Every structure is written in structure tokens, then in C-alpha cells.
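What follows is one structure encoded as C-alpha cells, with my remarks underneath.
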Amino acid sequence: MKDLIATHEELPPRGYRMAGVYITLAMILALVTTIVWLAIPLFVLSFPVLAGTFFEWVYLKLGVYTLVLALISAIVLRRTFLMRRALNRREIFSLKELNSAFWGAFALVLANPITGFLMLLARDSISRISPPPLRAGSEGKILIVDHLTKLFPVRRTFAQSFRGEADTNVHAVDDVSFEVGKAQIYGLAGESGSGKTTVLRTVLRLTPPTSGSIYFEGKEISTATRREMKKIRPRIQVVFQDPYESMNPRMTTYEIVSEGLSVNNLATSTKDSHEKVLKALRDVQLTPPEEYIDRYPHELSGGQRQRVAIARALVLEPDLILADEPVSMLDVSVRAEVISVLLSIREKRGIAVLMVTHDLALSKDVVDQLGIMYLGKIVEVGAAEKVVGNPFHPYTQALIAAVPVPDPTAPKIRVLARGEIPTNISPPSGCRFHPRCSFAKAICSEVEPPLAEVRPGRKVACHFWEEAENAFLKDVKSRGVMEPAN
Amino acid sequence: MLKVEGLRMHYQTASGYVKAVDGVNFELNKGEVLGVVGESGCGKSSLAGSLLKLLPKNAKIMEGKILLEGEDLVPMGDSEMRSKVRWTKISLVPQGAMNALNPIFRVGDQIAESMTIHTGVRKAEARARTDKLLELVGVDPSRGRHYPHEFSGGMKQRAMIAMALSLSPKILIADEPTTALDVIVQAGIIELMLSVRRELGTSIILISHDLALVAQMSDKVIIMYAGKIVEYGQSKDVYINSLHPYTLGLQHAFADIRKPKERLISIPGSPPDLVEPPTGCRFNPRCPYAKDLCRAKEPELLEVEPGHMVACHFWEEVRQNGK
């Protein structure tokens, strides 16, 4: 964020300066007009000579008119003030954002033509300002999440306030950073309550981050205006967990898939929309699409529904699809088909996918980069196959040891982590995993381990990852299962 | 101990009979874990319901026998089932057990209630036994005074198992006992159920769509498809020496954490309509081995190897190509 502002300061500030001057003038004029229009009826009424004459009636009528003008002036005054503040904060970059401020200016022509003219001049200077530069290092990246933190406040109860306790927070996501490359499938895995879904919600801006930034193609979206978000939203699409719950049962497949096109004005004609829908359905392997467009959700199987959900996302030609456990509600026999659809749209259309999952066995087959989350933090990152085949963090190891395998002769699964996931209202000090970790030592409860790159392409947040890795490899060898990658 | 013979259970609907369980035979011995695997809608849960005769009104057991220690449950009435069988001999850990607890009663009271109602023991006695049960399933007995919302998902599931064990049943039916639980919690529940089997000698019927979960726990496995058993045998035989194309298809579609990155293969098509199932073998529209014979004649469940039964005309071909 800091370097972003610094680069703006280096921009030719002329456009801003001129716009600032115009708006200041407009503001002063609007203020004067407001006062003048307010003063006129008072002035008229204070003329005793006119009392009881026809002229008094005329002036009273005029008084109502001037009051309306005064009100308009006051509204414009407020707008000029807001614009000036936004300018000072360097928040206005595009012409579109300004337009709303000028509707007032046009209305003002009656009340004060000069103010309206000044506002138009200000818009003109701002329109010449170039947009902010993209974030450094965002080439080839579709999504960058930078030190994202999301706290949900928990109000203390009346009794607690008596005991002198302060309000607390749920640390849903705590200082999480990761990057999703173009056409990459990035997986976030972890137990429930680890903050995976909150990350997705924040990327969609369904909930604002407490701190940190999210960049979509290098542009920051955590502070984007509503108008900018409207442009960005069709390019980030979502596929929800449960295809039985995420569709309107009274809409046909065609209506479900085409709705996004009409909402976002992305189809030029009905025919165009029809073709786009058919193409999207073909891309998710619902062929022939004509057979499916008139069906209602209850006439589709679970796998078909989830493919319709993917088609609904695809039809808007997004660059990023957020998938929240896309196959966990489906039968094992059809999971593979939904996964193969996701893989094929990535290959054909170069769409990146950010996937939240708790199925590590599946993520190894699907995901390129895998981040393991625990209590709002990423504890391990790397190529999915390597993280699953040769985990460094004791938590990742515990997750993997608990995954059953479809082989009755294989050694039984084991519980490596003690107890249950603690609350994230007051997460444990130091390393958050230490109360459940079998490698924990004194330092773990005091110093939080940073997420550091320990091998090329492998990051882990653990003080004793080498010890953990050795123990895991030894264990794997002794049990004679699982060929460790790397 | 439990022997099911030719069990047929149909649901009566406006469009005809839904043949949810269609000619099922199996045996369960003392202390055994029997896994039932299949897609949703294949009749797994209907089978569990039939065993306890806890079925919706439109369901009817058409024929077959359910012999529990030599006594047939099919002709029994509801009150007889309640006094003789349910809870005391067969008990159920229902699907979505996490939501099966009543939110306005304390967990311990709910467990004790099943004992006082069924056996008429005193409240204090039931309480003492509840504490013991909670300890057995790995929940601190003092938590019995808490309400369900104060429990985590895994603990609620443990409490449900404790309740199912309260009258020391001989058979425990667990219907999808770990769906919606995290892997580490699931691992704990599996360990718990296996230790119950070891210590109390309870037989378990485990119903799940998760191949791996069943592999980890079961001695014997039933693979169900469209209301029928397609493969049945010792789990080692069924998993390693699979003879039915459907079993193989499930295995190819299932991600195995031990293997390097692989492309999963789904089974084409979707499960059939059980009102009018396909003629011949019910799996034939989705089967890569299907020939004319499969469309014409329904294969019988035959014991092709000792203790290993399969219902497929071309099981020998499957065995050769399966690997």
C-alpha cells in the first residue's frame, strides 16, 4: 500500500492540482449561492412596504422557488466537498467515478451556471490523469493476496464488561499472503474454522478485509469503488459447494446460465446470449446442450448440476473462478467428471481457479499450488504433489496421516494431532499449532515461526520442520507405504 | 448372528414401485465389521432402515427374511421391534448424527433417557452409566451436563455413538458416520468405533460412499448398485482382487493419497431410475464390458472364489483386464 501511494506522488500532479483549484472554486461558489438563495425570501418578507399587496404574493411564490434552488446548491456543495476530499486522498482515478458528482452540476445550471462550468472543467482535468500503475511484480499473476487479515469483532457481554474484560476478535484470517498465477489452480486446504472460506469471501469483497490488500490483475480490489467492482465482478466467478442449494429450482438451465449475461449486459442480442450459453454448456461437457437447456435443476443429477454451476460461471468469460469445495457434496463416481471439467477449462481457456478443499488426496491430483491453513494462517505452501507426498509441517503431516486409503492391507490411519482445533477468539501464543504438536518445544509457545522458503518452491512456518520431515520419512519407510515425492 | 435372505424393500410412489432394495443376501458374524459401499440412491440407507424396520409409510418389505439370532424380524410389529430389537440388539447412528441431538436437552440427559425408557432403570443408575459411556467414547463425563451447541461436531458424533451403545446392542449400524467431519476428527471416530468393536465385541454395519473409509474399518464389504449387491466378500478380496466393473470404476474414480499425481476416471452416466431399472444387468448402460448378454440376462450373485461373490457375466475378463 505504501509504495502504491509513493508512485502516485511521482505522477505529474498537474491534473490533480487543476481539478483541485476548479473544485475549490466551485465549492466556494456553491456556498455563496446557497447563502444568497436562502437570503432572498427572508429579504422579501422583511420588506414592510409590500405587505398586503399583490407583490407580496409574487415574492412569496418566488421564495419557494429560491428555497428549492438553495437546496440544490447545498447538495452540490456537499458533492464538491466530497470530491475535494477524495482528490486529496488520491482516490479518484477514473472518469466514470466522477460522473455521479456532475449530475448535480447540470441541475445547478439554473441555480448557478458558473459552478456547473467549473465542475465540468474539473472533470476534464481529472480525465487526463492516467490510472494508477499496476502493483509491482503482478505480471503473470491473476490474484495477489497481500498480508490479508480479517477479524470479526465479538462484543463482550454485560457481565464481562463488569469483570473488566475487553471486546475480543475472531481471528478468521491472520496475515495471509499468496499469489495465484494465470491459468493456475491454487488450493487452500485445512480443517473447518481455518479461515479458507473467509479468504474466498474477502476476495469476492462480500466482506471487507480488516487490513491488507487484494490485487486482481495488479489492481487493488479491496478499495475499489462500487462502479469498478461492477466491472471486475463478472471476471471473478464462484462455484459453490452444494449444487442442490445454489440454484433456483424454478429456473431452467438456460435461465440459470444466461442470467449473468443479462445482469451484466454482456450479450448483444438474444441470439448472442443463446450461442454463449450453448458454448458454455458444451465446454462443461453437457452435450448436446439443446437437450439440457430446458431442464430444471431437479431433472439433473448432482454431477450435472455442478457442471451447470460451472457453465454459469464460464459464460461470463471470467479469468478467475473461486471454487468452494466444488466436489465434496458429490458422489465419488462423478467427482472425477467435475474435476476433469475444471482441468479442461483451465487448459482451453486459461482460467485460474482458487479452490478451497479439505480433501488432500484429491487436491494432489487437481491442484498445482497448495496452501495449508491452520487457525487463519498459512502454515505450509508448495507444489501440491510435493506437499502431500513429503509434508514438512507437523499439522500437514497430521492431516495426511488421517486420510484413509482405499486398501484394506495398508496400515491404519493415525491421529497425530492431539485434541481439537482451538477457538480462534484467542489463538494460542507463538506457533498456533503448538498445543497439539508432538514436536513442540518451549520456543514454540513464545515465538511465532515465519513462513519461510526452506527448499526451492517450498515454504513452511515451523521451527522444527527438519525434525518433523525426518520423523515423517522414517515413519513412511518403516510402514512401507507412500512413495515420498522429492 | 444376523442373516439377511432375499430381502426386497420397495417404495410405493405415484410413478410406480421404487425398488430400493432388491434381493439382498448377506451374513454378519459377532464382532465383525461389514462395510456397505455405493453411490447415493443405491439403497444403502434403505437397507439400514429395513434392518431396523424404521421406514417411511410408503415403504414395504415385499419378501425376504431378516434373521437375528434365528428370529425373523420381517413379520414383527412396531411395538415388538421396539421392545425386543431396537436399541437392545440393533442400534443406529443416523446419517447427519450431528443434527440428531435435541438442542434443548442436555447431552447426558438425552443419553440417559434412552436407557430409562427402554429398560426402566432408575435415573441415578442411568446417569452413572451415561458417565461411563461418555468416558468410553472419549468425552469428559462432566460435559454430559452441557447442551449440544456447546459440543464440536466430532464430540456430537461421539455422543451419538455413546447413545447408540447405551443398551449394549449386538449390532451397531453406522450410516455415513463421518460425513461433514474433518479428516483428523474422522480419524478419531474411526479409532473409536474400532475400539468399541474390540472391547465390547459389537458387530458394526458401516454404510458409506467413501471407499477408503470402509477399507480402513471393514472385515467384509458389500458393493451395492441400484438396490442390488454386485460384489460381496472379504475386504481384501473385494479391494485388491476386484471382479465387478463397478467396483473397479469406483476405485479409479477415487483419489488415493499414496499415489503420485494421476488423472481420475469417472464412471460415465448416472445411477439408473429404480422404478424401471435397465433390463439385464443394471450396470450395463455404464459398463465398459457390457455385451448383448448383459442387456438380456441379469447375472446372479455367484460365489466365484471361496467367500468372494460377484454378479457379473464377465468377471473372468474383468479379473484379467482389471489390473
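The values are calculated or read from the model by the stated rules, or taken from the named source; none is laboratory data. Everything quoted here is computed from the prediction, not taken from an experiment. With ideal geometry, Cβ positions are generated from the backbone for all residues, glycine too; neighbour counts draw on all protein chains shown.
Quick check on my filter: what residues within the stretch B:197-234 are among the small types (Gly, Ala, Ser) and in contact with a helix residue (DSSP H, G or I) (Cβ under 6 Å, 6 or more places away or on another chain)? Of everything in the stretch B:197-234, those that are among the small types (Gly, Ala, Ser) and in contact with a helix residue (DSSP H, G or I) (Cβ under 6 Å, 6 or more places away or on another chain) turn out to be B:Ser208, B:Ala215, B:Ser218.
The rows are residues; the columns are (1) assigned to a strand (DSSP E or B); (2) in contact (Cβ under 8 Å) with a residue 24 or more places away in the chain.
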position	(1), (2)
A:Leu148	yes, yes
A:Val176	yes, yes
A:Ala183	no, yes
A:Thr197	no, yes
A:Arg201	no, no
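Every test in (1) within 29 Å of the chain's Cα centre (by Cα); (2) within 14 Å of another protein chain (Cβ to nearest Cβ) is passed by A:Ala410 save one, and that test is (1). Please note which helices (runs of 4 or more DSSP H) are completely contained in the stretch A:314-406 and include at least 2 residues that are within 8 Å of another protein chain (Cβ to nearest Cβ) and under 25 Å from A:Glu467 (Cβ atoms). Here the list reads A:360-366, A:384-389, A:394-401.
Within the stretch A:279-298, not a single residue is in a loop (DSSP other than H, G, I, E, B), in the same structural domain as A:Ile339 (by TED's automatic domain parsing) and under 23 Å from the mean Cα position of the chain (by Cα).
So, of the residues in the stretch B:74-90 that are among the hydrophobic types (A, V, I, L, M, F, W, C) and over 15 Å from B:Val24 (Cα atoms), which turns out to be nearest to the chain's Cα centre (by Cα)? Residue satisfying both the conditions and the ranking: B:Ile90. Per the conditions (1) free of Cβ contacts under 8 Å to residues at least 40 places away in the same chain; (2) within 12 Å of chain B (Cβ to nearest Cβ), the sole criterion not satisfied by A:Leu281 is (2). At least 1 residues being within 14 Å of chain A (Cβ to nearest Cβ) is the threshold, and among the helices (runs of 4 or more DSSP H) wholly inside the stretch B:59-164 those reaching it are B:153-164.
Might you let me know whether the stretch B:209-221 holds any residue that is more than 9 Å from chain A (Cβ to nearest Cβ) and closer than 20 Å to A:Ile413 by Cα?
Within the stretch B:209-221, one or more residues are more than 9 Å from chain A (Cβ to nearest Cβ) and closer than 20 Å to A:Ile413 by Cα.
Within the stretch A:284-296, restricting attention to residues that are away from chain B (no Cβ under 14 Å) and in contact (Cβ under 8 Å) with a residue 40 or more places away in the chain, the residue that is surrounded by the fewest Cβ atoms within 10 Å (Cβ to Cβ) is A:Asp294. Among the conditions (1) out of contact with any Ser or Thr (no Cβ under 7 Å at 6 or more places or on another chain); (2) surrounded by fewer than 20 Cβ atoms within 10 Å (Cβ to Cβ); (3) within 7 Å of chain A (Cβ to nearest Cβ); (4) assigned to a helix (DSSP H, G or I), the only one that B:His252 does not satisfy is (3). Does A:Ser94 satisfy being of a type in the set (Ser, Thr, Tyr), at pLDDT below 65, surrounded by 13 or more Cβ atoms within 10 Å (Cβ to Cβ) and in the same structural domain as A:Leu120 (by TED's automatic domain parsing)? Against the criterion (of a type in the set (Ser, Thr, Tyr), at pLDDT below 65, surrounded by 13 or more Cβ atoms within 10 Å (Cβ to Cβ) and in the same structural domain as A:Leu120 (by TED's automatic domain parsing)), A:Ser94 qualifies. Looking across A:Gly430, A:Gly419, one residue alone is touching a helix residue (DSSP H, G or I) at 6+ places or on another chain (Cβ under 7 Å), free of Cβ contacts under 8 Å to residues at least 60 places away in the same chain, more than 30 Å from B:Gln251 (Cβ to Cβ) and facing chain B (nearest Cβ under 10 Å). It is A:Gly419. Of the residues making up the stretch B:228-238, those that are touching a strand residue (DSSP E or B) at 6+ places or on another chain (Cβ under 7 Å) and either more than 24 Å from B:Met62 (Cβ to Cβ) or modelled with pLDDT under 90 (or both) are B:Gly233, B:Gln234, B:Ser235, B:Asp237, B:Val238. Among residues of the stretch B:173-184 being facing chain A (nearest Cβ under 7 Å) and crowded, with 23+ Cβ neighbours inside 10 Å, the one that is farthest from the chain's Cα centre (by Cα) is B:Ile184. Filtering the stretch B:285-301 down to residues that are surrounded by 15 or more Cβ atoms within 10 Å (Cβ to Cβ) and hydrophobic (A, V, I, L, M, F, W, C), which residue is farthest from the other protein chains (Cβ to nearest Cβ)? Ranking the candidates gives B:Leu301 first. Among the candidates B:Ala180, B:Ala174, B:Ala187, B:Ala212, the residue that is in a helix (DSSP H, G or I) and touching a residue at least 40 places away in the same chain (Cβ under 8 Å) is uniquely B:Ala212. Considered as a group, the residues in the stretch A:433-468 that are more than 14 Å from chain B (Cβ to nearest Cβ) and small (Gly, Ala, Ser) include one that is surrounded by the fewest Cβ atoms within 10 Å (Cβ to Cβ), and that residue is A:Ala442. Determine the pairs where a residue that is of a type in the set (Ser, Thr, Tyr) and at pLDDT 85 or above, located within the stretch A:326-353, has a partner that is in a loop (DSSP other than H, G, I, E, B) and crowded, with 24+ Cβ neighbours inside 10 Å with Cβ atoms under 9 Å apart, the partner being 6 or more residues away or on another chain. Here the result reads A:Ser344/A:Val284, each pair linking the stretch A:326-353 to a residue that is in a loop (DSSP other than H, G, I, E, B) and crowded, with 24+ Cβ neighbours inside 10 Å. Residues to consider are A:Thr253, A:Thr207, A:Thr223, A:Thr198; find the one that is in contact with a strand residue (DSSP E or B) (Cβ under 9 Å, 6 or more places away or on another chain), buried (at least 17 other Cβ atoms within 10 Å of the Cβ) and β-branched (Val, Ile, Thr). Every option except A:Thr198 fails the conditions. Of the residues making up the stretch A:210-227, at least one is touching a Leu at 6+ places or on another chain (Cβ under 7 Å), β-branched (Val, Ile, Thr) and over 24 Å from A:Ser344 (Cα atoms). Only a single criterion out of (1) in contact (Cβ under 8 Å) with a residue 60 or more places away in the chain; (2) facing another protein chain (nearest Cβ under 8 Å); (3) out of contact with any helix residue (DSSP H, G or I) (no Cβ under 9 Å at 6 or more places or on another chain); (4) not hydrophobic (A, V, I, L, M, F, W, C) is not satisfied by B:Asp237, namely (2). So for the stretch B:260-272 (the condition being within 9 Å of another protein chain (Cβ to nearest Cβ), in contact (Cβ under 8 Å) with a residue 40 or more places away in the chain, part of a loop (DSSP other than H, G, I, E, B) and under 14 Å from B:Cys42 (Cβ atoms)), does at least one residue qualify? Checking the stretch B:260-272: at least one residue is within 9 Å of another protein chain (Cβ to nearest Cβ), in contact (Cβ under 8 Å) with a residue 40 or more places away in the chain, part of a loop (DSSP other than H, G, I, E, B) and under 14 Å from B:Cys42 (Cβ atoms). Considering only the stretch B:92-99, I want to know if a residue exists there that is farther than 30 Å from B:Val275 by Cα, touching a helix residue (DSSP H, G or I) at 6+ places or on another chain (Cβ under 7 Å) and modelled with pLDDT of 90 or more. No, the stretch B:92-99 contains no residue that is farther than 30 Å from B:Val275 by Cα, touching a helix residue (DSSP H, G or I) at 6+ places or on another chain (Cβ under 7 Å) and modelled with pLDDT of 90 or more.
Tally the residues that are surrounded by 15 or more Cβ atoms within 10 Å (Cβ to Cβ) and more than 23 Å from A:Leu342 (Cα to Cα), restricting the search to the stretch B:262-284. The number of residues fulfilling the criteria is 9. The set of residues in the stretch B:20-52 being modelled with pLDDT of 90 or more and among the basic types (Lys, Arg) consists of B:Lys30 alone.
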